[in-house]
């Protein structure tokens, strides 16, 4: 697995880079060779934040953790990703072994700056390829991302749907008419 490490408000030392790569090797057996793991380390006030994203076959595995110590944040976020992998093991095993890479997967992130004088602004937008999937796969993907909603293309009618987590813990589905 190829580990790509970036830092925000922090200088990534060789030692820190080696620690991240060594700990990431523990997840190596889940992925085919060449899979990229993007690790972003940042410091905001006294919070040391480790964010890890792995994209494979249209599935995004993501975790973020903030503690008072960078090494602790790295440990916790990688353990969180491994728990996600185990939780969804049976569904993911098929995807991980069959075509772990797909060249047409696109994930673009744009950061925008807003003027303080104006009202609420769109400060971040994302573009991605909405792959056809059934509702069960969309639920799994939403849980892997840790989001409260997920936009996907329904495999049955090829329409864009929105899956969301309700306040009662169940899921809701928004479908176009």
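Is it true that some residue in segment 134-141 is within 21 Å of residue 37 (Cα to Cα), modelled with pLDDT of 80 or more and part of a helix (DSSP H, G or I)? Spell out how you get there, then give the answer.
Taking segment 134-141 and keeping what is within 21 Å of residue 37 (Cα to Cα), we get 140-141.
Pick out the ones that are also modelled with pLDDT of 80 or more and you get 140-141.
Next cut, part of a helix (DSSP H, G or I) only: 140-141.
Among the residues of segment 134-141, at least one is within 21 Å of residue 37 (Cα to Cα), modelled with pLDDT of 80 or more and part of a helix (DSSP H, G or I), which makes the answer yes.
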TODO: Give the residue that is modelled with the highest pLDDT, with candidates limited to residues of segment 15-63 that are within 15 Å of residue 85 (Cα to Cα) and surrounded by fewer than 18 Cβ atoms within 10 Å (Cβ to Cβ).
DONE: 25
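The values are calculated or read from the model by the stated rules, or taken from the named source; none is laboratory data. Quick caveat: nothing in here was measured; it's all calculated off a predicted structure. We place every Cβ from the backbone using ideal geometry, glycine too, and count neighbours over all the protein chains shown.
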